[in-house]
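The values are calculated or read from the model by the stated rules, or taken from the named source; none is laboratory data. Bear in mind that the values here come from a model prediction, so they are computed numbers and not experimental data. Here the Cβ positions follow ideal geometry from the backbone for every residue, glycine too, while neighbour counts run over all protein chains shown.
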Amino acid sequence: MIMGKSSPWLPRRLAQRGFSHDKFSRAVTRLKPWTQRIDKLLKPRLQGLVNPFSQRLIAVLAVVLALSMLPLELLPFAAALPALAITLMGLGLVAKDGLLMVIGFIVVVAGGLFLLQSLVL
């Protein structure tokens, strides 16, 4: 996404690898009720925020947040905030839900302020 591509890149060996149709079918059956509940919450909102620039910005932010999770693992549950923010912004991108992307960004800012306040005190 950072480079403007619409699909993920995989190494050739991994891209050629397959998986069992039966296992995939069972997983889809088990996950379907959960995905239907989540789909009810996701709607195209604040569409002006869903553009190629914001997609790249969120991709960069997701990489930074993922890297920040490594040292945050030393504090109990501290890595949950960046993970929540990445999840919310990712769902917002997929569903073209600008409101969810904004909520994810608010989680980033609130978590950063909380962490900064904890370090100062």
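Okay, here's what the table says:
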{"item": "Selection from the range 36-76 of residues that are charged (D, E, K, R), over 17 Å from the mean Cα position of the chain (by Cα) and farther than 21 Å from Gly112 by Cα", "result": "Arg37, Lys40, Arg45"}
{"item": "Search result, residues across the range 17-59 that are of a type in the set (A, V, I, L, M) and either loosely packed, with under 10 Cβ neighbours inside 10 Å or closer than 27 Å to Val108 by Cβ (or both)", "result": "Ile38, Leu41, Leu42, Leu46, Leu49, Val50, Leu57, Ile58, Ala59"}
{"item": "Helices (runs of 4 or more DSSP H) lying entirely in the range 1-96 (those with 1 or more residues that are out of contact with any strand residue (DSSP E or B) (no Cβ under 9 Å at 6 or more places or on another chain) and at pLDDT 90 or above)", "result": "21-41, 52-72, 80-95"}
{"item": "Options Ala79, Ala110; residue that is more than 23 Å from Ser6 (Cβ to Cβ), over 16 Å from the mean Cα position of the chain (by Cα) and small (Gly, Ala, Ser)", "result": "Ala110"}
{"item": "Positions within the range 97-109 being in contact (Cβ under 8 Å) with a residue 12 or more places away in the chain and in a helix (DSSP H, G or I), in sequence order", "result": "Gly98, Leu99, Leu100, Met101, Val102, Ile103, Gly104, Phe105, Val107, Val108"}
